[in-house]
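To keep things clear, I will list the structure first and then write my remarks on it.
The values are calculated or read from the model by the stated rules, or taken from the named source; none is laboratory data. Everything quoted here is computed from the prediction, not taken from an experiment. Methodologically, a virtual Cβ is constructed for each residue, glycine included, from the backbone with ideal geometry; neighbour enumeration extends over all protein chains shown. For accessibility, only protein heavy atoms count, side chains too; no ligands or nucleic acids. Shrake-Rupley method; radii C 1.70, N 1.55, O 1.52, S 1.80 Å.
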Amino acid sequence: MDADATSSGTAPAAPATPAAARSRRFDPDRRARIIDAALDVIAEVGVAGVSHRKVAARADVPLGSMTYHFDDMDQLLRVSFEKFADTIATRYEQWFRQATNADEARAAVVGLIHADLLDSQRELVLTTELYTLAARKPEFRTLTCDWMARSRRALRRFFDEPTTHLLDALIEGLFIHAALDTTPPERARTAEAVRRITLG
């Protein structure tokens, strides 16, 4: 033992903790970063290709963090898709919040499809991955049902119930077509479809 430490009656100082280790230990955003990383991995390799190891590497967190923050992969997928669905639904609502009448709502439907939803390949892939997951696992259908309910509430401000369901189906259908077709839907045709549905 160091003589000075013994004579003064104090214990020797603990070795300094490296700055990188300290910053990792205090990481309040770690859970949110894992969720964002999970969505990135899903967009790249699909739900079937997701693993704790891939998500941890993308989030730059220790592998043990995955099971600390999430009970299993299903919980991680659910929380990640909840965030994604909420983000898209919020943007959806904003399009119609600006509309003051049915004509503006029709224009909002077209803008939502062509200027928003179809503008991001990442979001297109994430949406179809969520649909596929919900089709395979009924417990995930609450996410898609809640998402559709929010969409229809936004439309219902301007259109009756049957029209709202038809418009919602049109939006979802064109979204899926865009994911599968090599030619993107034409804006003019979308506008005509919206007109026919809402005006008869």
Query raised in the report: How do the pairs read when you match residues in segment 147-163 that are in contact (Cβ under 8 Å) with a residue 40 or more places away in the chain and assigned to a loop (DSSP other than H, G, I, E, B) with residues anywhere that are open to solvent by less than 40 Å² (accessible area, probe 1.4 Å) and polar (S, T, N, Q), using Cβ under 7 Å and keeping only pairs 6 or more apart or on different chains?
Result: Phe159/Thr198
Query - Matching residues in segment 176-198 - criterion: being part of a loop (DSSP other than H, G, I, E, B) and in contact (Cβ under 8 Å) with a residue 40 or more places away in the chain - result: Pro184, Pro185
Query raised in the report: In this structure, does Ala135 turn out to be in contact with a Lys or Arg (Cβ under 9 Å, 6 or more places away or on another chain), under 26 Å from Asp181 (Cα atoms) and loosely packed, with under 13 Cβ neighbours inside 10 Å?
Result: yes
Query raised in the report: In this structure, does Leu130 turn out to be touching a residue at least 40 places away in the same chain (Cβ under 8 Å) and either open to solvent by less than 20 Å² (accessible area, probe 1.4 Å) or in contact with a Leu (Cβ under 6 Å, 6 or more places away or on another chain) (or both)?
Result: yes
Report task. For segment 139-166, enumerate the residues that are farther than 16 Å from Ile88 by Cβ, more than 19 Å from the chain's Cα centre (by Cα) and not acidic (Asp, Glu). Result -> Arg156, Arg157, Phe158, Phe159, Pro162, Thr163, Thr164, His165, Leu166
Query raised in the report: Ala43 is checked against (1) hydrophobic (A, V, I, L, M, F, W, C); (2) modelled with pLDDT under 95; (3) crowded, with 16+ Cβ neighbours inside 10 Å; (4) touching a Lys or Arg at 6+ places or on another chain (Cβ under 7 Å) and fails just one. What number does that condition carry?
Result: (2)
Report summary line: Over segment 46-62, the set of residues at positive phi and open to solvent by less than 20 Å² (accessible area, probe 1.4 Å) is Gly46
Requested in this report: Please enumerate the residues belonging to segment 79-105 that are open to solvent by less than 60 Å² (accessible area, probe 1.4 Å), within 18 Å of the chain's Cα centre (by Cα) and in contact (Cβ under 8 Å) with a residue 60 or more places away in the chain.
Outcome: Phe81, Ala85, Ala89, Tyr92, Glu93
Query raised in the report: Checking Ala108 against (1) open to solvent by less than 40 Å² (accessible area, probe 1.4 Å); (2) within 17 Å of the chain's Cα centre (by Cα), which single condition isn't satisfied?
Result: (2)
Query - Selection from segment 165-175 of residues that are open to solvent by less than 20 Å² (accessible area, probe 1.4 Å) and either farther than 20 Å from Asp86 by Cα or in contact (Cβ under 8 Å) with a residue 24 or more places away in the chain (or both) - result: Leu167, Ile171, Phe175
Report summary line: Inside segment 177-200, the number of residues satisfying the requirement of being of a type in the set (A, V, I, L, M) and under 18 Å from Ala115 (Cβ atoms) is 6
Requested in this report: Consider Ser65 carefully, then state whether it is at pLDDT 95 or above, surrounded by 13 or more Cβ atoms within 10 Å (Cβ to Cβ) and polar (S, T, N, Q).
Outcome: no
**Report entry** Residue list for segment 145-164, restricted to those being open to solvent by less than 30 Å² (accessible area, probe 1.4 Å) and farther than 20 Å from Thr132 by Cβ
**Finding:** Ala154, Leu155, Phe159, Thr163, Thr164
